[in-house]
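The values are calculated or read from the model by the stated rules, or taken from the named source; none is laboratory data. A quick note: this is a predicted structure, and the numbers were derived from the prediction, not measured. Cβ sites come from the backbone with ideal geometry, for glycine too, and all protein chains shown count toward neighbours. In case anyone asks, the SASA skips ligands and DNA or RNA and just uses the protein heavy atoms, side chains included. Shrake-Rupley method; radii C 1.70, N 1.55, O 1.52, S 1.80 Å.
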Amino acid sequence: MHRELRVILFMLLCIFCMDSADINASIQQGDKEITHIYFGNYWQSDGIKKEPIEWSVYGIHENLAYLESSKILEYMVYDDTWCGKSTWATSSCRQWLNNRFLYDAFDEDERNIINRVLQDKYRKQDLSTVYLSGGFDSITIKATNYALRKYPGISPYVYWITNGWIQSECRKTAYCNPWNPVSPPGVFVGYRSKYEGYKGNTLTIRNELFGIRPAIYIDISKGGWKPSRFERKNPETNKIEHYKIEYADKQDDVGVETIDSEYINQAKEALEMEIDGRSLEYKIKKPSVKITKKSRAKAIIRWKTDDSTSYDLWYSTSKKFAKKKTKKIKLTKTKYIIKKLKKKKKYYVKVRGKLKVDRISANGRWSKVRVFKRK
């Protein structure tokens with residue numbers, strides 16, 4: 001059912017992008033229907049040794065094959081800027097796919113086999129596009145150990161949504177809906193912020209993490225790939241059987257064919273796993289400032305730490321923090337000592353948290369103004 005739906009989606013794409021020729025959903029070799037191939041190498045079990053990347057074959061037009069990686073190869077945010085500024089053209093996801101991944105996963109000969117992505121506008125110039133984890137058609141994709149390295153505890157299985165739902169070409173702003181697989185997209189991709197808590201004193205900044213499943217087009221007539229899985233009809237039972245091909249060495253062209261038990265076990269395991277999303281979240285709280293030791297010409301200012309990457313501390317002899325009477329201090333710690341205090345002079349202090357991560361920056365609420373006088 002799922003495979004048939006994917007083939008239909010691919011055919012619709014090809015009608016738009018190609019001539020109206022026949023589309024095959026797999027590579028035929030005698031009585032074998034090749035459904036997966038090895039092409040390129042990337043870190044998967046660990047970050048030490050690269051392993052062959054397995055790709056699902058989802059459509060072939062003449063010699064041009066459309067492939068999607070069989071596993072989630074990385075976890076990352078779609079874009080590292082504010083959601084209102086997020087586009088495919090400038091997204092960090094696209095930069096990774098068409099720069100770092102392209103050169104980490106493929107050598108020069110392999111890159112020459114990869115064709116440009118057959119989609120309009122921005123993606124015409126790309127050699128790789130992406131599928132994002134989320135909810136779509138209840139398909140589960142397993143992530144590699146290497147992809148999970150940054151986020152221990154996250155489910156190794158994720159749902160995903162097709163890049164057809166990322167409306168960056170026409171609307172220029174990317175968005176998706178990773179929470180509800182049946183509703184149309186509506187959540188902008190990128191960092192979002194809102195105030196929460198009592199009277200909105202805590203600024204929460206959030207960005208969704210996605211399992212990255214690259215998709216490419218290659219010319220299969222140029223070689224450079226090897227079959228990894230295939231289907232074959234058993235003439236005695238008239239049932240389709242799944243086989244896996246294992247190679248002793250990645251240089252070998254001939255492998256050992258065995259029954260693909262992983263195909264069945266993975267589907268069963270995915271049904272038993274708890275699958276949920278993951279997001280990056282930062283909370284900038286309104287500081288609660290405490291002042292101690294208001295004698296000996298100094299005062300110690302303290303507040304509790306949060307997810308802020310830095311803090312602004314202003315102190316002044318002016319209640320309205322007039323420019324000429326105000327000192328503005330930038331800090332990374334949650335303690336500051338004000339020195340050389342004047343006797344019997346009132347001082348006003350306020351603090352706010354700041355966040356600088358990726359391509360975003362944000363300021364939290366100012367604390368309540370604290371007033372003190374040197375004894």
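For the range 295-375, what does the accessible surface come to per residue with a 1.4 Å probe? Please give it in Å².
On a per-residue basis, 69 Å².
I'd like the Karplus ³J(HN,Hα) series for the range 298-304: coefficients 6.51, -1.76, 1.60, θ = phi - 60°, whole numbers in Hz, and an x wherever there's a Gly or Pro.
Going residue by residue, I get 8, 9, 9, 9, 9, 7, 7 Hz, with x marking Gly and Pro.
Express in nm, to one decimal, how much length is gained between Arg296 and Lys233 on full extension, taking 0.36 nm for each residue of separation and deducting their alpha carbon distance.
13.7 nm
I need the phi-derived Karplus couplings for the range 233-240: 6.51 cos²θ - 1.76 cosθ + 1.60, θ = phi - 60°, integer Hz, Gly and Pro marked x.
Result, rounded to whole Hz: 7, 7, x, 7, 9, 6, 10, 7.
Say R0 is 41 Å: what FRET efficiency, to the nearest 0.05, do Thr309 and Asp252 get from their beta-carbon distance?
Once rounded, the FRET efficiency stands at 0.25.
5 Å is the cut-off here: which amide hydrogens, built 1.01 Å from N in the peptide plane, fall below it relative to His36, excluding neighbours closer than 5 in sequence?
It is Val57, Ser228, Arg229, by chain and number.
Quick one: net charge of Ala248's neighbours, Cβ under 15 Å, K/R +1, D/E -1?
So the surrounding residues net to -3.
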